[in-house]
Amino acid sequence: MGIGQEFSFLCDGHKCAGTDATFDLLGADEGPLSNGKSLTVKLRHNELALEVSVVYICYNGHPRSANTSYCTIPARSHSAFRTLT
């Protein structure tokens, strides 16, 4: 069984996906929430001027798995994006 993609999109015609080796890990930060914890994983594309943050939220009472995740992309360029998944 393969690894599922956390995210995938097109940026200026380049396919970008969470399982690609084209992203470098910048860091990760854990943060408290009123009803759980969050983990933000920060990535930088090594060919494009692009940074991506993937946020995982684990709610109290569900400590073994991330219940929610979403992806943020800072608006730092005039690149065109299209979501794939």
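Report yes if residue 64 is modelled with pLDDT under 75 and either in a strand (DSSP E or B) or in contact with a Phe, Trp or Tyr (Cβ under 6 Å, 6 or more places away or on another chain) (or both), otherwise no. The answer is no for residue 64. Show the residue pairs meeting these rules: Cβ distance below 9 Å; 6+ apart or different chains; first residue within segment 22-48 and farther than 18 Å from residue 61 by Cα and without any contact (Cβ under 8 Å) to a residue 40 or more places away in the chain; second residue aromatic (Phe, Trp, Tyr) and in a strand (DSSP E or B). Going by the 9 Å Cβ cut-off, the qualifying pairs are 40/56; 41/56; 43/23; 44/23; 45/23; 46/23.
The numbered conditions (1) touching a residue at least 60 places away in the same chain (Cβ under 8 Å); (2) within 15 Å of the chain's Cα centre (by Cα) are all true for residue 12 except (2).
Looking only at residues that are among the hydroxyl-bearing types (Ser, Thr, Tyr), surrounded by 12 or more Cβ atoms within 10 Å (Cβ to Cβ) and part of a loop (DSSP other than H, G, I, E, B) in segment 15-44, which one is nearest to the chain's Cα centre (by Cα)?
Of all residues in segment 15-44, those among the hydroxyl-bearing types (Ser, Thr, Tyr) come to 19, 22, 34, 38, 40.
Then keep just the ones that are surrounded by 12 or more Cβ atoms within 10 Å (Cβ to Cβ); that gives 19, 22, 38, 40.
Subsequent filtering for residues that are part of a loop (DSSP other than H, G, I, E, B) retains 19, 22.
On the way: 19: 10, 22: 13 Å.
If we take residues in segment 15-44 being among the hydroxyl-bearing types (Ser, Thr, Tyr), surrounded by 12 or more Cβ atoms within 10 Å (Cβ to Cβ) and part of a loop (DSSP other than H, G, I, E, B), then 19 is nearest to the chain's Cα centre (by Cα).
The values are calculated or read from the model by the stated rules, or taken from the named source; none is laboratory data. Just so it is clear, the structure is predicted and the values come from calculations on it, not from any experiment. Using ideal geometry, Cβ is built from the backbone for each residue, glycine included, and neighbour counts are taken over all protein chains shown.
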